[in-house]
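Working notes for the structure below.
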Amino acid sequence: MWVDTHCHLDAGEFGARSPAVADEAAQAGVRAIVIPAIARVNFDTVGRLARQVGNAVYALGIHPLYVPTAQEADLQVLREAIASALEDPLFVGIGEIGLDFFVPALKEAPLREKQEFFFAEQLKLARDFQLPVLLHVRRSQDIILKHLRRIRVPGGIAHAFNGSDQQARTFVELGLHLGFGGAMTFPRSLQIRRLAAELPLSSIVLETDAPDISPAWRHPDINTPDQIPRIGEVLAELRQMPLHEIAAATTANAQAALPRLAHAGLGL
């Protein structure tokens, strides 16, 4: 069995097909799909969708790309939503949160400072509630690590990891797992593929980021969570390991990164 640790199953690209997309993933052996929120507007949506399908869980957070339109009051709404969700076995963590310095406007003041403020405040929520985080780390690994050293959280996942070997090992030292997905399937992604092959297997989880970051065989079409087993095949090839061992290890790693998965009733 497999776990997709990052999938925006509620995205508009899926429309009314979200339940069918989840079912197709289940038929492919994907036992759990983690649906992160992106903004206040979809806090309720991700939880409702996770409860609607039979193989999903969810996280709550404000994505850095949505910070420009977020209000500081949204952080209080998030705190209240987290407190309410603690009773829901399908709620697994805080996310998607982080920093994005790829988009030029987000690198400059005042949005850079606003991003860091929202990120730090959400790390404090994760610390206060003792919940893992789903991190967006695009072109921002070192600043993310600076915040993680200051505000210690109980683990989580640096999703779509694309940093250096030193950065990867620092995330792991801080208790984080690293998410690998579609980018790993492209032969030209030399650094990502090297990391996937050489990092301790215990640090790696699989993800799609569907509908984004399609694997090589799907590009440029949208991505779907049923691609996880085939993405796992690429990881197995890179590490020269049997596929069943990759499935077992990455599923166990997902449970280590997101401990509430074990109580979600998905048969993991």
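The values are calculated or read from the model by the stated rules, or taken from the named source; none is laboratory data. A quick note: this is a predicted structure, and the numbers were derived from the prediction, not measured. FYI the Cβ positions are ideal-geometry reconstructions off the backbone, even for glycines, and counts take in every protein chain you see. Accessible surface areas use protein heavy atoms only, side chains included; no ligands, DNA or RNA. Shrake-Rupley method; radii C 1.70, N 1.55, O 1.52, S 1.80 Å.
When a/c is below 1.5 the answer is rounded, else prolate if a/b is larger than b/c, else oblate, so apply that to region 94-201 with a ≥ b ≥ c taken from the square roots of the Cα gyration tensor eigenvalues. Note, shape of region 94-201 comes out oblate. For D44, D165, the ranking by accessible surface with the largest value first comes to D44, D165, using a 1.4 Å probe. Which helices count as membrane-span-like in the chain under these terms: full DSSP H, at least 24 Å along the axis by C-alpha, Kyte-Doolittle mean of 1.6 or more? Passing helices, by number: none. Oblate is the label for region 214-268. Its Cα gyration tensor axes, ordered a ≥ b ≥ c, give a/c of at least 1.5 and b/c at or above a/b. The label point for D221 and the one for A236, both projected 7 Å from the Cα toward the Cβ, are 2.2 nm apart. Each principal axis of the chain carries a Cα extent, and these read 47, 40, 33 Å when sorted largest first.
Average accessible surface for the chain: 41 Å² per residue, computed with a 1.4 Å probe over protein heavy atoms with every protein chain in place. Taking every protein chain into account, the 1.4 Å probe leaves D23 with about 80 Å² of accessible area, to the nearest ten. Centre-to-centre separation between the Cα atoms of region 204-268 and those of region 87-127: 24 Å. Along the chain, the exposed loop sites are chymotrypsin sites (Phe, Trp or Tyr not before Pro) outside DSSP states H, G, I, E and B with at most 14 other Cβ atoms within 10 Å, and the longest stretch free of them is 103-216.
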